[in-house]
Each structure stands twice: as structure tokens, then as C-alpha cells.
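A quick write-up on the structure given underneath.
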Amino acid sequence: MGLRPAVRLCHLYPREMNIYADRGNIAVLHRRLAWRGFDLRVSESPPGERIRTGETDLFYLGGGQDRDQLGVAVDLQGHKAASVRSAAADGVAGLFVCGGYQLAGHEYRTVDGQAIGGIGALDVTTEADATRLVGNVEIESRLDTGRMRIFGYENHAGRSRLGPGSSPLGRVISGHGNNGEDRTEGALSGRFAGTYLHGPLLPKNPQLADWVLRLALEHRYGGKYELEPLDDHFEEAARRTAAALTARRRLAPRFRVRTR
Amino acid sequence: MIAVVRLAETVAGSAGALSRRLRLGGGTSIVGMVLNRLDPGAMERLAAETARRCVVLSGTNGKTTTARMLIACLAADGRSIAANTAGANLASGISAALLAAKRAGRRKDRNTGQETGRTGESVGVFEVDEAALNDIVRRLRPGLVLLMNLFRDQLDRYGELESVTERWVELAGSLPEDVTLLLNADDPALAFLGNGHPNTVLFGMADDHGNNRELSHAADTIRCRRCGEALSHDFVTVGHLGAWRCDSCGLHRPTPRFQASRVELRGFEGLSFSLLDSSGGRPEAFDVSVPIGGLPNAYNALAAASAARALGVPPETVSGALSQVDAAFGRSEQIFLQGRTLRLLLAKNPTGANENVRFVMSEESRLHVLILLNDRTADGRDPSWIWDVDYEPLLDRLDSLTLGGRRCWELALRFRYAGAPHDSFSVHERLPDALDDALSATPEGGTLWILPTYTAMLELRSELVRRGVAREFWETA
Ligand SMILES: [Zn+2]
């Protein structure tokens, strides 16, 4: 370790946007690189600070409460949204989860009809509904490295719809996904991925974690990277439990939780 | 009409007996569900019949223990109590408790041949689910509402913390003037709920008794509710609780009427503090000591003692009652099995689990730990909260670690990504296997610390009953 310069992760708004155990995702990125002899350097990007775009290989933005998300959205419009978009054009990778996924899109419209601007890096618009979409989720994803099943938990009031500039991250096998209607889940645009799935997302989905890491490594060092396999038998056991939960849910009638 | 009401109560009572006979559980909620279905006005009517006044308490953590402490104080003061002690904290549990209190009263009267009426005042003490609070307060019309804390918990069920807070703001604004609103001043989400309410009383910690804690990763309300800037803290106690202030707009923790000072933690043995009551012209102080350990229980004892004082229980009665109180089941409970001491510490959210980790580490240098994670409704369907718990400091202190419960593999991943090697802990999907393995890893005469979620604790309890070392929970509650 330490022979190669570290991969650089920019964690956007870690204090404000961390409600669904987002630090689990950071821990997975960190460990899975370390086990392969790479360092990860995490820089935190709080409100009010500019992003040093030339020094980032991967962005991460997690989920937050509405109130915090609103504050973050205001801060994004200062400089950050433009910086993140230009970094995306330069091949920087990005992972956006739950509230972070909504903010990565063009706009989030609250129940009262207030429109909150986002980063605009994913071709997604989101509108809040009075009911939340909650529960275990399984999706099937076809990434450039092959098909994979992704497991997680969703809990969102927003209904997201994709424009032509993004493709879904996956097709819903069980659960609600982007809007509970079109069977899409998440969004992909170039090297940016967004999803409603937490749990956290990456511990149970090591293939997806490695896919994200490969993008970051390619940006850092150039060329193509094949990551050596790891002993993922705990991950596989956790995926079996998750698959049993979503299989049960597929058989049961779907429900929605009314919050007030 | 009276006949119909009687019938509803009888049918509901039978359902509870049947449920206990079939070993479906304590049966308390079944009674209430049947009763509320057959007679939707049952709770209001029973409350009027059985309790002169009601106390309702809510908060993310400490409800059951605090209710238990308050009941001890009121009972020591000679009052008769109706309470939902089995942790059944929705409308059904409260109706069932009121019905049970009414029947117990009637039986007693029949035995003594006396007229209804007792020596002491009758008081209802009810712990209430955070999301059900508004509805239940509207129906019960309590004389005192105690709000303890709000931590992130079961996001799948309650939604975000913010939405619970908003509902409580609504509730505080709609309380009749004569209702005492007792609030934890150390929680910036609660301290100002009573601003528009004339009869508001605050409690909080006087100092941090030299603990020098910092905000944990899982700290929730870290921003000023007035201006949105980050809060500063003169000291931090549990989670985001403490002496907070906003350097931006000047808002700060108001001075509580009831303050706990010189808090002394004595591990599993218990804790003590001096309770200052700064009301009116002459402040008074009295010592409180409880045989239940851990800083969260200092808050529980402070809340219970404050409520008891607000209800007119004399200080010496409060002191005496609290010194005798025992832990609610699964909270700081001790069981002996195969020459080992099992110590149970329940948690179902990051703040509670962090406190348990701290507590365990303060007790012994080398540790044997069994963690049980379930994902049923009462645990939270979404187990992602374990990633917000700071388990890392435990790693260097573990002599053995066993993981179990329905989501044991999520725990395995939590520890794998904390840096624990694959072979440094064992994982079992079946609870009896997890218990056996953890017991065999613990030397005779040693202590096994068990950290279960709520339903995992119930399962563990059943397993211990099968092994002849514990009683069913409805017998102990
Ligand atoms: Zn302020």
C-alpha cells in the first residue's frame, strides 16, 4: 500500500445527508480498495465549500431528511452543481443514493409544489407524493461488466421519472423502484449512477461496489482495471437472506405506507 | 347500551385469556384490539371510569423504564395505578390496561364488600408510541404529558425524525392550558415545544460530570431549529442531547426547573445524582439513586422524578421508591445460566446501541458479546441502522463475538467492514445455536453480554424459559 497515489473520493454533505447509514457505503469502498492494495482518500465537502474538481475520482452523496435536503439544494446552486456536472464530463464517477439520487437529477418537487433544483447530472425529475414507497427491493441490472441482482431497502416519498438522457440502473424484480409504476429503478448517465436502494447499498452488493471502484480507478490511473476477486461469502449469505425477503414480498400484495 | 359495553369488555377479556393459553404472547394488545373494534369509545370511557388523571409519556428511548420508575413513585405515595407495563404502547395496549384496571378494582370491591372507591387517587400511567401520541392524548386527555427525547429510529415506520417532531409541535400547540407539559431541555428538538404553552416544565442535566463526550456519528438534531446553523455544545450526554447553543442566532438550552447534578455512574450496580428543583422562591435538592446503570437511565430517573414531583409526590417518597425500582425486562437484566452470568441490554436504534457499547466497555476489560439482530416490525424492518452504531471500539476488547438473529449476516458484514477478520467471530442463523456457541466461548464464572433487538430479546427470553432459567415476559412485566 502507499506505492500508488490514493483514489480520491469526494463525500458531498456527509453531515447533512447520512440518514440511511451512508457511512457503510464509504466503508465498503475503502475496504475493498485496501484489500487490493489501493488507498482511498476521502475528502468531505460541507456546505459553503467549493469542490476541487481536479482532485476527485468519485463523488458520493447520500440521503437526508427533507429539511436538510432543502438546505443542501440551496448550497448546490452556489457553485457545486456546476462543478459536479463539469467533473462528470471529465470522466469522474459518481454514486448517488436516495435523497442524493433525487438531488443528482434536475428537480425535486415537494408535496406543496415547491420546486427544488438539483445537480442535473442525471436525466431525472422527481415529484413527492403523500404516500411513501417502503420495503425490501430486488432489481436486475445490466452493466457493462454483466448482469447482476441488486438488493436493498427503499423508503421514499418521491416519484422519479427518467428522461432520454438516462437509462435505469435496473429493472424491478420486487419492490417499487423509481415510481412504483414503470418497473424502473435508479438511473445511469455515463459514469454516474443513482438509486433509491439503501441498506446500506454496497455491503450486500459487492459486484456493484467493484463496478463503482473500477470507474474510479480508471479515472485515477487511466486504462482498464480488473479487480481481483475477494472472499465474499458473508456477502453471499446476506444476499440469500435478502433474496428470501424479496421473494416473500413478491408473493404478498404490495402495500404503501401513508405518513399522515 | 351498558349491556353492549359489558359484552364488548367480556369478549375482549376472553380473547386475551385465549391468546395467553395459546401462548401467542402476553395477550394485552389482543384484548385492546378486540375492545377498540367492538366499542370505539372504550378508551375514553374507561379512562374516565378508572383513573382520576392520566400521565402520558413518549420518546424514542427509555419509555418503558421511565414509566416503571414513575409508577414506583406514585404507588409509594399510595395511589392506585393503571398502566400498560408490557410495552404495549398503541391504543390497543392502553385500552387493555384500562380494562384490566377496572376489572381488578371490581374484583377487589367484591372481595371486601366495600363500595367502589379507594384510599389513594387513581392514576393512569401510559407509555405511548411516538407516532400514536397525538391521537392518544386527544382521547385520554392526560393531566401531564412527558416528552423525553427524539432519536432516529425505525425510519421505515415513522418516516423521518422531522415529521415526528412536526406532529409533536402540533400536539403541544393544541394542549389545554391546564395540562402540564414536561420536556427534556437537553434535546434541542423538544426544548421549545412548550413555548406557547403556559404550563411547561423542563428537566435536564446540570453538567456532564466530567465525561467529556463528543457528538457521535449518529447524533440527530445537530442544527438550530430557529436558524438552521450547526449547534455548539457546552457538553454532550446521550446522542445529540446536552447543553446546546446556537452561536449564530443566540438560541440556547433554556435553564431547566429540574436538574440532575453530580451524576455518578456505578456500572451495572446503578447510578445516583442530586436532583435540584429550582421552582418558586426556595430551591430544594434531594438525592436520587437507582439500581439500574448507564447514563440513559439517569435521564429516565430524572424524567420520572420530575414527573412525580410535578404530580405532588414528596421528595423523600420519590427517593425511596426509585432506590427500589428494578429494570424492565431485557433492559439491564441479569440471568444465570450454566455457571455464566448473562446480561441483557436491549437496543433498536443507533443511540441506544451506542450507549450499550459504551456501557459494556466501561464494565470489563475483556468481553464476551452476543449480538442479535431481527427485522420484524418492532425491531424496524430496515436493519441499516447498525451501520450508524460505533461498534469499532469494541474490536480490541473482544475475547469472543457471536452474531445471531434473522439478519445475522448483515451484522457479519458490519463487522467485516469494521475490519474484523472473517474467523474472529461466529455467525448462527438459529438462536439456540448462537446462544450455545456464545456460552461455550464464555468461561465459567464469566459474563456474557447480550445485545438483542426487541423481538430477538423475546425469542431469547422464550429460549431461556425452555431452558428453565427465565419467566415469560407477561409474568414479569
Ligand atoms: Zn440559531
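The values are calculated or read from the model by the stated rules, or taken from the named source; none is laboratory data. Model, not experiment: these values are computed from the prediction. Cβ placement follows ideal geometry from the backbone for every residue including glycine, while neighbour counts extend to all protein chains displayed. Accessible surface areas use protein heavy atoms only, side chains included; no ligands, DNA or RNA. Shrake-Rupley method; radii C 1.70, N 1.55, O 1.52, S 1.80 Å.
Just a few scattered comments:
- Helix-only CD estimate at 222 nm, as mean residue ellipticity for chain B, using -39500 (n - 2.57) per DSSP H run (n ≥ 4): -12000 deg cm²/dmol
- Computed 3J(HN,Hα) for segment B:349-357, one whole-Hz value per residue from the Karplus formula 6.51 cos²θ - 1.76 cosθ + 1.60 where θ = phi - 60°, is 8, x, 5, x, 5, 4, 5, 5, 4, glycine and proline marked x.
- A:Gln114 paired with B:Arg45, simple spin-label distance in nm, labels 7 Å along Cα-to-beta-carbon: 4.5 nm
- Whole-percent P(r), segment A:94-135, all Cα pairs, 5 Å bins from 0: 7, 24, 30, 22, 14, 4.
- Long-range amide H partners of B:Ile81 with built H, under 5 Å: B:Val123
- The residue among A:Ile26, A:Ser45, B:Leu38 whose Cα reaches farthest toward the positive pole of the charge dipole of the protein assembly as shown, with charges on the beta-carbon of Lys, Arg, Asp and Glu, is B:Leu38.
- Estimated at 0.36 nm per residue, the fully extended path between B:Ser289 and B:Ile222 surpasses their Cα-Cα distance by 21.0 nm.
- Distance-filtered residues of segment A:27-46 - backbone nitrogen under 19 Å, label point 7 angstrom along A:Tyr221 Cα→Cβ: A:29-42
- Amide H to amide H, with H built 1.01 Å from N, B:Val427 comes under 5 Å of B:Leu403, counting only residues 5 or more places away or on other chains.
- 19 Å cut-off, amide nitrogen to a point 7 angstrom out along A:Ala130 Cα→Cβ, residues in segment A:148-178: A:156-160
- Each Lys and Arg adds +1 at its Cβ and each Asp and Glu adds -1 at its Cβ; summed about the Cα centre, segment A:142-260 shows a dipole of about 820 debye.
- Given charges at Cβ of Lys, Arg, Asp, Glu: chain A dipole, positive-most of A:Phe59, A:Gly175, A:Gly78: A:Gly175
- Percent of Cα-Cα distances greater than 35 Å, calculated over the protein assembly as shown: 48 percent
- Going from the chain on its own to the full set of protein chains, segment B:415-433 has these residues losing 50 Å² or more of accessible surface (heavy atoms, 1.4 Å probe, no ligands, DNA or RNA): B:Arg416, B:Tyr417, B:His422.
- Difference of contour (0.36 nm per residue) and Cα-Cα distance, B:Leu38 to B:Thr255: 73.4 nm
- J(HN,Hα) series, segment A:66-76, from Karplus relation 6.51 cos²θ - 1.76 cosθ + 1.60, nearest Hz, glycine and proline x: 3, 4, 5, 4, 4, x, 5, 4, 5, 5, 4
- Nearest-0.05 FRET efficiency for B:Glu177 and B:Ala104, computed from C-beta distance (R0 30 Å): 0.35
- Segment A:92-153 and segment B:205-227: distance between their alpha carbon centers, rounded to Å: 32 Å
- Mean accessible surface per residue for segment A:6-258, computed with a 1.4 Å probe while every protein chain stays in place, in Å²: 38 Å²
- For segment A:126-245, the square roots of the Cα gyration tensor eigenvalues, ordered a ≥ b ≥ c, give a/c of at least 1.5 with a/b no greater than b/c, which places it in the oblate category.
- Rounded if a/c under 1.5, otherwise prolate or oblate - chain A, Cα gyration tensor axes: oblate
- Relative to the Cα centre, the charge distribution of chain A, modelled as +1 at Lys and Arg Cβ and -1 at Asp and Glu Cβ, gives a dipole magnitude of about 520 debye.
- Point-to-point label distance, B:Thr341-A:Val74, nm (Cα→Cβ direction, 7 Å offset): 5.3 nm
- Overall form of chain B per C-alpha gyration tensor (a/c, 1.5; a/b vs b/c): oblate
- Given charges at Cβ of Lys, Arg, Asp, Glu: segment B:367-477 dipole, positive-most of B:Leu401, B:Tyr454, B:Val427: B:Tyr454
- Sparse-neighbour loop sites [trypsin sites (Lys or Arg not before Pro); segment B:312-367; at most 14 other C-beta within 10 Å; DSSP]: B:Arg366
- Calculated mean residue ellipticity at 222 nm for chain A: -8500 deg cm²/dmol, from DSSP H runs with n ≥ 4 weighted as -39500 (n - 2.57), summed, divided by the residue count and rounded to 500.
- DSSP bridge pairs, chain B: antiparallel proportion in percent, nearest 5: 40 percent
- For B:Leu448, the amide hydrogen comes within under 5 Å of the amide hydrogens of B:Thr341, B:Leu342, B:Arg343, counting only partners 5 or more places away or on other chains and with H modelled in the peptide plane.
- Theoretical FRET efficiency, 1/(1+(r/R0)^6), r = Cβ-Cβ of B:Ser274 and A:Glu228, R0 56 Å, to 0.05: 0.40
- Label-to-label distance for B:Arg466 and B:Ser248 is 5.5 nm, based on points extended 7 Å past Cα in the beta-carbon direction.
- DSSP beta bridges in the protein assembly as shown [antiparallel fraction, %, rounded to 5]: 45 percent
- B:Arg52/A:Arg248 FRET efficiency (R0 41 Å; Cβ-Cβ; nearest 0.05): 0.30
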